[in-house]
Amino acid sequence: MILPIVAYGDPVLRKVAKDIGTDYPKLNELLENMWDTMYNAHGVGLAAPQVGLPIRVFVVDTTPFSDDEDLTEAEQKALNGFKKVFINAKIEEETGKEWEFNEGCLSIPDIREDVKRKPEITISYVDEHFKPHKETYDGLLARVIQHEYDHIEGVLFTDKLSSLKKRLLKSRLEKISKGKIDVDYRMRFPNVKKGR
Ligand SMILES: [Zn+2]
């Protein structure tokens, strides 16, 4: 089932999300709905706060990035079919020299900006079967995971921009929170009485 994606301005996007236990009700159904919602909106990642739940769950499928011809064959291969569920994730380490990449966010439609992040991360998490993992990623894989991880920490990519850029974006972000935007997927806007 496709869920409405929570738009910029909703307080749920600002909460530090909580870990969940194996007893979390209907987790499989939630994950299925998150996949449906992400694919419907042509995203490469979606975090639970973006569907209104302040829990440490996010999903990633970087396959759409894999046909980018600027990437090496090895990079394309790493991205193709990389489909994972991250539960109770914690980034243990971020290393290397920051690099810029043009990011967007399903909660902030039509805004894309270059964001600086470190290139390599080590992350521990449990998967959908609550099996623990500790893995190291770099490049675009790390980038997508860092973006989704920020969501469960209550951080948005626009927070990472210069104060000048933030000032320039302020009115567009307010419009988004009021639902004054054309978007081709279901959304829930904090500053209008009814979603659409
Ligand atoms: Zn996002």
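Regarding Lys26, is this residue in contact (Cβ under 8 Å) with a residue 24 or more places away in the chain, among the basic types (Lys, Arg), open to solvent by 90 Å² or more (accessible area, probe 1.4 Å) and within 23 Å of Arg186 (Cα to Cα)?
Numbers: in contact (Cβ under 8 Å) with a residue 24 or more places away in the chain: no; among the basic types (Lys, Arg): yes; open to solvent by 90 Å² or more (accessible area, probe 1.4 Å): yes; within 23 Å of Arg186 (Cα to Cα): yes.
It is false that Lys26 is in contact (Cβ under 8 Å) with a residue 24 or more places away in the chain, among the basic types (Lys, Arg), open to solvent by 90 Å² or more (accessible area, probe 1.4 Å) and within 23 Å of Arg186 (Cα to Cα).
Of the residues Leu79, Leu53, Leu71, Leu46, only one is buried (at least 18 other Cβ atoms within 10 Å of the Cβ), touching a residue at least 40 places away in the same chain (Cβ under 8 Å) and more than 16 Å from the ligand (Cβ to nearest atom); which? If you could, list the steps in order and put the result at the bottom.
On the way: Leu53 fails: more than 16 Å from the ligand (Cβ to nearest atom); Leu71 fails: buried (at least 18 other Cβ atoms within 10 Å of the Cβ); Leu46 fails: more than 16 Å from the ligand (Cβ to nearest atom).
Going through Leu79, Leu53, Leu71, Leu46 in turn, the sole match is Leu79.
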Members of the stretch 33-73 found to be part of a helix (DSSP H, G or I), farther than 20 Å from Gln146 by Cβ and modelled with pLDDT under 95, listed by number = Asp67, Glu73
Subset of the stretch 92-123 (residues that are more than 16 Å from the ligand (Cβ to nearest atom) and of a type in the set (A, V, I, L, M)) = Ile121, Ile123
request  = Within the stretch 140-189, track down each residue that is within 11 Å of the ligand (Cβ to nearest atom), more than 29 Å from Ala74 (Cα to Cα) and open to solvent by 10 Å² or more (accessible area, probe 1.4 Å).
outcome  = Val155
request  = Tell me, please, whether a residue that is of a type outside the set (Asp, Glu), open to solvent by less than 20 Å² (accessible area, probe 1.4 Å), in contact with a Pro (Cβ under 6 Å, 6 or more places away or on another chain) and not in a loop (DSSP other than H, G, I, E, B) can be found in the stretch 2-23.
outcome  = yes
task = Identify all residues within the stretch 94-138 that are among the hydrophobic types (A, V, I, L, M, F, W, C) and either assigned to a strand (DSSP E or B) or at pLDDT below 95 (or both); write none if there are none.
result = Trp99, Phe101, Val115, Ile121, Ile123, Val126
Odd one out for His133, checked against (1) open to solvent by 50 Å² or more (accessible area, probe 1.4 Å); (2) free of Cβ contacts under 8 Å to residues at least 12 places away in the same chain = (1)
query = If we scan the stretch 166-181, do we find a residue that is at positive phi and assigned to a loop (DSSP other than H, G, I, E, B)?
reply = yes
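The values are calculated or read from the model by the stated rules, or taken from the named source; none is laboratory data. Quick caveat, the model's predicted, so the values are computed rather than measured. In this analysis, Cβ positions are derived from the backbone assuming ideal geometry, glycine residues included, and neighbour counts consider all displayed protein chains. Ligands, DNA and RNA are excluded from the accessible area calculation, which covers all protein heavy atoms including side chains. Shrake-Rupley method; radii C 1.70, N 1.55, O 1.52, S 1.80 Å.
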